[in-house]
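Working notes for the structure below.
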Amino acid sequence: MRIEFPEFRLGNVLATSFTGTLSERHGDAVERIPTPRRLVDWLAVSGLAVDSCTPAQLALARALRESIHAAATAAAVQDALPASAVRIINERSVQGRAAAILTPEGTRRWQLGSASRVEDALSVIAADAISVIAGERDGKLALCASPTCQAAFFDTSQSRTRKWCDMNTCGNRQKKARFVANRRKNLGSAE
């Protein structure tokens, strides 16, 4: 019997896409990497293929994910970064082996060693989080306006006023809720 997992929600920024592997944090949480094999799958679609993952490595990944989420959330609302989150992000960043590679198209991609471990992939994710949280990239950290989501995302829109982590999920859900509420209100006032 094949187990069905929720789809990955991939964005343009590795670190915030990684935090999106747990969505609806303030509602009915959806875990998108519930098993070590599912983390291997997410890393592969994110360009960080590894051969295997242990339950202990999955626990390291989840700790990094939550640390990135905590630090990105604090940065988005201009609070002090949580010391424990900073410590975990820094630990993961220095414990891996990966190299930045320039592609023929002039973009950067990460290459893990031939015997890639989950820790190597996590170091790339941590390094990406550091560049985003430290403000080294063109864009701004923001929080999803959905009350059940509130995911940290990196807004690279021209006006830097994006409201939703993902328009196809959170944005559409909120617009639909507003439409239904307005329709009920209009039907109620017509009686």
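Summary table below
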read-out	value
Residues located in the range 77-98, provided they are closer than 20 Å to R137 by Cβ, in contact (Cβ under 8 Å) with a residue 12 or more places away in the chain and open to solvent by 30 Å² or more (accessible area, probe 1.4 Å)	V77, L81, V86, N90, S93, A98
The range 109-138: number of residues that are assigned to a loop (DSSP other than H, G, I, E, B), of a type in the set (A, V, I, L, M, F, W, C) and more than 13 Å from F154 (Cβ to Cβ)	1
The range 42-54, residues that are within 23 Å of I101 (Cα to Cα) and crowded, with 17+ Cβ neighbours inside 10 Å	W42, L43, S46, L48, V50
Filtered residues of the range 17-61 (kept if of a type in the set (A, V, I, L, M, F, W, C), closer than 20 Å to F154 by Cβ and not in a loop (DSSP other than H, G, I, E, B))	F18, L22, W42, L43, V45, A61
Of all residues in the range 160-181 being open to solvent by 80 Å² or more (accessible area, probe 1.4 Å) and of a type in the set (S, T, N, Q), the one that is modelled with the highest pLDDT	T161
Verdict on I33 being surrounded by 13 or more Cβ atoms within 10 Å (Cβ to Cβ), farther than 26 Å from R160 by Cβ and in contact (Cβ under 8 Å) with a residue 12 or more places away in the chain	yes
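The values are calculated or read from the model by the stated rules, or taken from the named source; none is laboratory data. It should be emphasised that the depicted structure is a prediction, and the values quoted were computed from it without experimental measurement. Cβ coordinates were reconstructed from backbone atoms using ideal geometry, including for glycine residues, and neighbour counts include every protein chain displayed. With ligands, DNA and RNA removed, areas are computed over all heavy atoms of the protein, side chains included. Shrake-Rupley method; radii C 1.70, N 1.55, O 1.52, S 1.80 Å.
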